[in-house]
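The structure under discussion appears below in the form of structure tokens.
The values are calculated or read from the model by the stated rules, or taken from the named source; none is laboratory data. Because the structure is predicted, anything quoted here is derived from the model rather than measured. Heads up, the Cβs are rebuilt from the backbone with ideal geometry, glycines too, and the neighbour counts pull from every protein chain shown.
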Amino acid sequence: MDSSMISAYRALNEAQAAIARAQTLDEALQEGLKAILKNCKAESGAIWYASSMGDDGDNPSCILHPYFWIGGSDLTSCMHVPGDGSVGRVYQTQVAERYLHFAPESDPATVSDFQDIEVNSMICVPFSSMKKNLGCIQFINKEGGGFFTNEEADVCEMMAMLAAMAIEENDNLQPEWSPGNTIMRVRGVTREFKNGDVVTKVLKGVNLDVYEGEFLVLLGESGCGKSTLLNIIGGMDHPTSGSFECFGEEYSNASQQQLTEYRRDNIGFIFQSYNLMPNLNARQNLELIASLVPKPMSADEALEIVNLGERKTNYPSQMSGGQQQRVSIARALMKRPRIILADEPTAALDYTTSIEVLEVMEKIVSEGTTMIMVTHNEEICRMADRVVRMRNGRMYEVTVNRRKAHANELVW
Ligand SMILES: Nc1ncnc2c1ncn2[C@@H]1O[C@H](COP(=O)(O)OP(=O)(O)OP(=O)(O)O)[C@@H](O)[C@H]1O
Ligand SMILES: [Mg+2]
């Protein structure tokens with residue numbers, strides 16, 4: 001057997017094992033795609049699913065949305081109809097398309113989807129089993145700037161078929177979540193810190209859209225730049241380069257005054273430490289904020305939202321960690337922010353009090369507030385609409401949850 005056959009065999013084996021290990025359909029798809037990408041040494045890839053699950057490829061009302069993808073582009077709001085671009089054509093014809101040396105004019109739709117990276121090699125394969133035409137899977141760019149081979153394209157095609165067969169039994173692949181209006185647009189954001197002659201590159205080009213009303217969870221190993229990113233989108237720091245836009249305003253070069261107004265008018269912050277004044281009770285801690293914002297909520301109303309109506313006169317030392325964190329959430333709610341940024345809000349809490357806090361977060365999102373939460377806890381991802389994973393200063397994977405779990409279903 002030549003070496004390409006061996007690696008093809010290994011790829012198939014690994015992806016099949018990943019699918020077999022998976023406990024849910026989402027996991028099967030994600031792990032399957034990851035295994036294929038890894039073995040084909042692809043830089044990016046996306047599973048596109050069809051919103052209408054008909055067997056005929058030419059249902060004109062059908063739309064293909066990205067369901068899970070890997071790489072530095074944010075595809076969330078991209079879509080194709082049958083026949084539109086490689087994604088639409090492959091769905092319609094069930095015939096794979098291979099552009100081992102991709103030329104931009106051969107598929108402008110792909111260029112526009114992956115606008116944050118230069119596409120130089122692309123394979124798009126049908127994602128369908130014996131019974132169903134689910135969508136297609138796209139593989140973009142070989143790691144290190146190389147090009148896919150025909151053997152790798154064959155492996156991708158076989159893998160996609162295996163993955164589709166693995167989900168044969170499940171009738172509903174369609175996510176319940178669909179993106180609202182884009183309220184935030186982060187493009188090519190970098191952040192460097194200079195210390196004497198030493199320059200540390202922390203963010204290396206982040207591209208991210210945030211949608212109105214979504215619950216977005218940001219995950220990644222310690223030091224990968226999550227808090228740095230949160231500081232930039234919260235208007236507490238400037239990017240070194242790149243653009244950051246929120247509600248149609250560009251803030252990457254904003255003055256301190258403009259950032260202060262941006263934060264005051266739009267953003268509520270929640271941190272791991274509660275930062276409550278120890279000599280003030282819950283209500284007084286909130287009233288302190290009320291004097292700083294234009295149309296504050298009443299302290300009593302904010303405390304009711306976080307289920308602390310009974311504890312208004314308790315001092316921080318008389319409350320559990322979870323209760324204190326809920327006071328700090330109520331404090332963030334006082335200014336009726338459109339966006340809440342939470343940096344590891346449950347990291348200092350035990351399981352039970354974490355769930356209390358997450359239940360409050362869930363309620364706030366269900367009432368229309370956009371939430372971006374940084375966490376190290378994989379289980380919390382199940383509550384999110386989208387999960388964005390970062391590594392080494394870049395975004396590398398985004399998942400749309402087909403079904404969100406409720407806070408009280410999480411276990412760790
Ligand atoms: N002001 C600064 N000066 C120099 N380096 C900084 C500064 N702020 C952050 N860094 C560095 O940037 C990197 C990313 O930090 P950041 O706080 O964003 O990581 P994180 O992903 O939030 O990690 P954690 O999960 O541990 O909170 C770290 O290596 C950190 O040391
Ligand atoms: Mg951090």
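Specify which of the listed residues (L286, L292, L280) is more than 21 Å from I183 (Cβ to Cβ) and in contact with a helix residue (DSSP H, G or I) (Cβ under 6 Å, 6 or more places away or on another chain).
On the way: L292 fails: in contact with a helix residue (DSSP H, G or I) (Cβ under 6 Å, 6 or more places away or on another chain); L280 fails: in contact with a helix residue (DSSP H, G or I) (Cβ under 6 Å, 6 or more places away or on another chain).
That would be L286, the only listed residue that is more than 21 Å from I183 (Cβ to Cβ) and in contact with a helix residue (DSSP H, G or I) (Cβ under 6 Å, 6 or more places away or on another chain).
Looking at the range 335-355, which of its residues are surrounded by fewer than 18 Cβ atoms within 10 Å (Cβ to Cβ) and either in a helix (DSSP H, G or I) or away from ligand 2 (no atom under 16 Å from the Cβ) (or both)?
Selection gives R336, R338, D350, Y351, T352.
Looking at L276, L333, can you tell me which residue is hydrophobic (A, V, I, L, M, F, W, C), more than 30 Å from L208 (Cβ to Cβ) and assigned by TED's automatic domain parsing to the domain that holds T370? Please lay out each step first, then the result.
Numbers: L333 fails: more than 30 Å from L208 (Cβ to Cβ).
That would be L276, the only listed residue that is hydrophobic (A, V, I, L, M, F, W, C), more than 30 Å from L208 (Cβ to Cβ) and assigned by TED's automatic domain parsing to the domain that holds T370.
Taking I364, is it away from ligand 2 (no atom under 16 Å from the Cβ) and surrounded by 18 or more Cβ atoms within 10 Å (Cβ to Cβ)?
The answer is yes for I364.
Is there a residue being among the charged types (D, E, K, R) and under 26 Å from M184 (Cα atoms) anywhere in the range 304-324?
No, the range 304-324 contains no residue that is among the charged types (D, E, K, R) and under 26 Å from M184 (Cα atoms).
When you go through M371, M390 one by one, which is the residue that is touching a helix residue (DSSP H, G or I) at 6+ places or on another chain (Cβ under 8 Å), modelled with pLDDT of 95 or more and away from ligand 1 (no atom under 14 Å from the Cβ)?
That would be M371, the only listed residue that is touching a helix residue (DSSP H, G or I) at 6+ places or on another chain (Cβ under 8 Å), modelled with pLDDT of 95 or more and away from ligand 1 (no atom under 14 Å from the Cβ).
Within the range 280-310, restricting attention to residues that are over 22 Å from N266 (Cβ atoms) and not in a helix (DSSP H, G or I), which residue is nearest to the chain's Cα centre (by Cα)?
N307
Which residue out of Y262, Y274 is touching a residue at least 24 places away in the same chain (Cβ under 8 Å), of a type in the set (F, W, Y) and surrounded by fewer than 20 Cβ atoms within 10 Å (Cβ to Cβ)?
Numbers: Y274 fails: surrounded by fewer than 20 Cβ atoms within 10 Å (Cβ to Cβ).
One residue alone meets the criteria, Y262.
When both residues are 6+ apart or on different chains and their Cβ atoms are under 6 Å apart, which pairs have a first residue that lies in the range 329-352 and is hydroxyl-bearing (S, T, Y), and a second that is away from ligand 1 (no atom under 16 Å from the Cβ) and part of a helix (DSSP H, G or I)?
T346/S354; T346/V357
Scan the range 215-250 for residues that are buried (at least 20 other Cβ atoms within 10 Å of the Cβ), more than 16 Å from ligand 2 (Cβ to nearest atom) and of a type outside the set (A, V, I, L, M, F, W, C) and jot them down.
If the condition is that a residue be buried (at least 20 other Cβ atoms within 10 Å of the Cβ), more than 16 Å from ligand 2 (Cβ to nearest atom) and of a type outside the set (A, V, I, L, M, F, W, C), then G235, P239 are the ones that fit.
Before we move on, is R191 at pLDDT 95 or above, of a type outside the set (A, V, I, L, M), in contact with a helix residue (DSSP H, G or I) (Cβ under 8 Å, 6 or more places away or on another chain) and within 15 Å of ligand 2 (Cβ to nearest atom)?
Yes: the conditions hold for R191.
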